[in-house]
1. Grab the other residues whose beta carbon is less than 11 angstrom from that of Phe473, score K and R as +1, D and E as -1, and report the net.
2. Report the Rg/Rh value for the chain, based on alpha-carbon coordinates and the Kirkwood definition of Rh.
3. Taking Cα pairs under 8 Å and at least six residues apart, what relative contact order does the chain come out at, in percent?
4. Need one word for region 74-168: rounded, prolate or oblate. Basis is the Cα gyration tensor (sqrt eigenvalues a ≥ b ≥ c); a/c below 1.5 gives rounded, then a/b vs b/c decides.
5. Can you give the Rg to Rh ratio for region 363-496, taking only C-alpha atoms and Rh from Kirkwood?
6. Report the relative contact order of region 398-535, percent, no decimals, based on alpha-carbon pairs under 8 angstrom and at least 6 residues apart.
7. What is region 202-285 by shape, rounded, prolate or oblate, if you read a ≥ b ≥ c off the alpha carbon gyration tensor as root eigenvalues and call it rounded for a/c under 1.5, prolate for a/b larger than b/c, and oblate otherwise?
8. For the ranges 488-499, 201-212, 156-167, what's the packing order if you count other beta-carbon atoms within 10 Å of each residue, average per peptide, and put the highest first?
Amino acid sequence: MLAFVRNCVISFSMTYITIPIAAKTADSAGQQITKAAHAGAEILELRLDSLPQLNAENVSRLVAFAKATELGVIATCRDNAEGGTGDWPQDVRTRMLCEAIQAGADYVDCELANYYDPAVREPIDKSLAGKPSCRLILSCHNFEGTFTDLTALYKEMADQGGRVIPKLAYTAKHINDCFPAIDLLRTKDRDAIVICMGEAGYITRVLAKRFGSYLTFACLDEQCSTAPGQVSIDELKNLYRWDSIGPNTRLFGVIGSPIAHSMSPPMFNAIFEHKNLDCLYLLLRVDGEMPEFAEFMDNITDRERVGLIDFGGFSVTLPHKAHAVDYAEEKGEYLEPLAATIGAVNTLKVGVNGRVSGFNTDYAGALDAITSTLGIERHGLHGKKVAVVGAGGVGRAVVAGLADVGAKIVIYNRTIQKAKDLAGEFHCKYAGLDELTDMDAEIIVNCTSIGMHPDVDSSPVPRECIKQGMVVFDTIYNPLETKILQYAREAGAKTVSGAEMFVRQAMKQFKIYFGEEPPEQIMRKAVSERLGGEF
């Protein structure tokens, strides 16, 4: 598809937040409709197939109640083969769709496969002829994976008539499966709905307005979700600033796996709102190793070059920091020497023609977090005895920074060889975790994931190893006070939360992206509110 898009005309239409109403009783349906209207829904999808008593009277009553909200109304009586409930016969479902049209629904949704049956098509077309304001959504769902030819299926739907809105929903098993949907939305020639289901498809829901889908589906809450991967309307409108998204919104995001715990979206989106920037920051779950990471980055950069997408940069977290180094070296524009030395990139900036540059801000963020707590400059760490627990990506950045200022470092790690290799690179000592009880340190830095939510009752360092007068720094920021920091506080040691490092490294990321200092207090407030405490 990318071969022809350079000269295409991309059209944008209104994108409506649609909340499905799939209640099991008339009372609960009414409650959901009222709640959806108050939450900011723009269209209500009435899932008639969920009704325990499916008849003309109940359908007419439900449509009338929904219409009273003055929101748009879709009537859907979904086939079980495409995600429906109730196991209603096809003739019943067809009659109920016709009844909904007569009752004033603004749209009816019929599966393309069923619409080809004259017994379905003819009564629906006849009912639509009498209600010219009602539009037909022709839908096709694949809960197992992707469609063989998404574009051909779209054209097949579009050929069914001018009032038809094609709806294609397929399951993305990896974020890379989302790009065909994005391509179709950016090159479509009519109103269309294209959605990727599943956790990996969430960007197509959040970015539906950015790429011009006719609507996106959001749920009231997890209990009311009608398809895998639906986000809540609260998250869509508040965290992702739905009302501010437009066709030119510039995109940023954090790449990693797992990624749901990240505080980056609320923090960066708070900055964008404060500074009135037409930007949006996303969670980008990229599973796999280097091949999958490289494919994702190629998907982005290829589309940057032809104007199909606009990403300004990425934060990079586990397991892709080393992959980002390799990618920037092989295909990028610039790799910061410090990042190359550390062997980890946590920041990618996208430049002209999709060329990326790689940086590491963990290094500076960690040093600044420690020195600000101690009230010293970086050179004041010279000669300080530091125990670094963990030899992964964060550990490498912390060790590199401490070694650069002349600290006396011992690296403790479960895998001795990994600690030995890292110590050899930065000319320091190493030991196994079983030797922590013998450590002689003024500063302890945890660079492992031990103690991170939800494993909040674990500590990488035994309680008895922490002494009064030490400084204990945990690079984990969720929760704000981890078990090791709790031990440190109880022992009378100074504590440094990972949130401190997180904000400081993010400040440097913002400057790389935009060339100016960010509003630090806005960042701190956003993280504090999300984590439920001050730091």
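Just so you know, all these numbers are worked out from the coordinates, no wet-lab data involved. This structure is a prediction, so every number in the text was calculated from the model and none was measured. Neighbour counts run over all protein chains shown; Cβ positions are idealised from the backbone, glycine included.
1. My count for the surroundings of Phe473 gives -1.
2. On the way: Rg = 26.9 Å, Rh = 25.4 Å.
So for the chain, dividing Rg by the Kirkwood Rh gives 1.06.
3. 9
4. oblate
5. Details: Rg = 13.4 Å, Rh = 14.4 Å.
Checking Rg against Rh, the ratio lands at 0.92.
6. Once normalised by length, the contact order is 15 percent.
7. Values: a/c = 1.64, a/b = 1.23, b/c = 1.34.
Here region 202-285 falls in the oblate category.
8. 201-212, 488-499, 156-167
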